[in-house]
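What follows is a single structure, written as structure tokens, with notes after it.
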Amino acid sequence: MNISRNAPCPCGSGQKYKKCCLKQTWNVRVKQAPPELIAKALREFQRREIEERERKARYGEILPIVNVWAFGTRLVGVGSNIYQFDPEKGFPNFLSHYLVEKLGVDWLAKEQHKPEAEQHPAVRWRTLGLTYMHKHQKEDGICSAPPNGAFAAYMTIVYDMYVIESNGLLDDMLLKRLRHREHFHRVEMDLLKFVLGMAATVVAAYVTSSRLLAQKQLVAATRHA
């Protein structure tokens, strides 16, 4: 790229190019790292490769959780979206609120005002499951207890939605079907089939329980929250 001497400097300094970066001498030196650093780097690469093989052996092709501590909060990437959640809480806490984020606060409020027998299944599971977990809340705010049936069902559908969005497939049409009480169980099974397909390398080990894969990862995450 040819830049005129009198043109504004592309570095954004506001000065003319001839009085700014044109005068600078760029002398970038590249040299091989010392042997001890190379050996250390190779060990680290090997450690990460082993961890990734173990993760895939356990969860198949399901993508790892993408999250980072930044700007005083915890950010998690799901597909093309970035979500924020309480840095003092673990990933299961993020999942417990994820369904409401995707299906809508107004949708939840509308369902909660219905008689219990007419409520959306996921809303009933959420209410019963969170009530159960809150009874086991410790002084530090962490809820620690084996999930009951309602909580396991709720977290499983939420986890399935998370996996679907991680693969860029949670579109508006699918969300609309999930909100619809009459369509929900059919869609739930479709999501489960997809997630189990992503984990095809380990599904055979869990063939007696189609939901064990998601629950096992959630339990493991809860223990490390």
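Does Ile157 satisfy the criteria of being in contact with a Leu (Cβ under 8 Å, 6 or more places away or on another chain) and free of Cβ contacts under 8 Å to residues at least 40 places away in the same chain?
no
Could you give every pair whose Cβ atoms fall below 7 Å, whose first residue belongs to region 166-195 and is free of Cβ contacts under 8 Å to residues at least 24 places away in the same chain and closer than 25 Å to Glu61 by Cα, and whose second residue is open to solvent by less than 90 Å² (accessible area, probe 1.4 Å) and among the hydroxyl-bearing types (Ser, Thr, Tyr), counting only separations of at least 6 or pairs across chains?
If the second residue must be open to solvent by less than 90 Å² (accessible area, probe 1.4 Å) and among the hydroxyl-bearing types (Ser, Thr, Tyr), no pairs are left.
Collect the residues in region 104-135 that are over 24 Å from Asp86 (Cα atoms), polar (S, T, N, Q) and surrounded by fewer than 18 Cβ atoms within 10 Å (Cβ to Cβ), keeping them in residue-number order.
If the condition is that a residue be over 24 Å from Asp86 (Cα atoms), polar (S, T, N, Q) and surrounded by fewer than 18 Cβ atoms within 10 Å (Cβ to Cβ), then Gln112 is the only one that fits.
The rows are residues; the columns are (1) under 30 Å from Arg181 (Cβ atoms); (2) open to solvent by 60 Å² or more (accessible area, probe 1.4 Å).
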position	(1), (2)
Gly60	no, no
Phe71	no, yes
Arg74	no, yes
Glu88	no, yes
Asn93	yes, no
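Regarding Glu101, is this residue in a helix (DSSP H, G or I), farther than 23 Å from Gln84 by Cα and without any contact (Cβ under 8 Å) to a residue 40 or more places away in the chain?
No: the conditions fail for Glu101.
Would you pick out the residues in region 14-32 that are part of a loop (DSSP other than H, G, I, E, B), under 19 Å from Ser4 (Cα atoms) and at pLDDT 75 or above?
Within region 14-32, Gly14, Gln15, Cys20 meet the criteria.
The values are calculated or read from the model by the stated rules, or taken from the named source; none is laboratory data. In this text, all values refer to a predicted model and were calculated from it rather than measured experimentally. So basically every Cβ, Gly included, is an ideal-geometry build from the backbone, and we count neighbours across all protein chains shown. When the accessible area is computed, the model is the full protein with side chains, heavy atoms only, and any ligands, DNA or RNA have been set aside. Shrake-Rupley method; radii C 1.70, N 1.55, O 1.52, S 1.80 Å.
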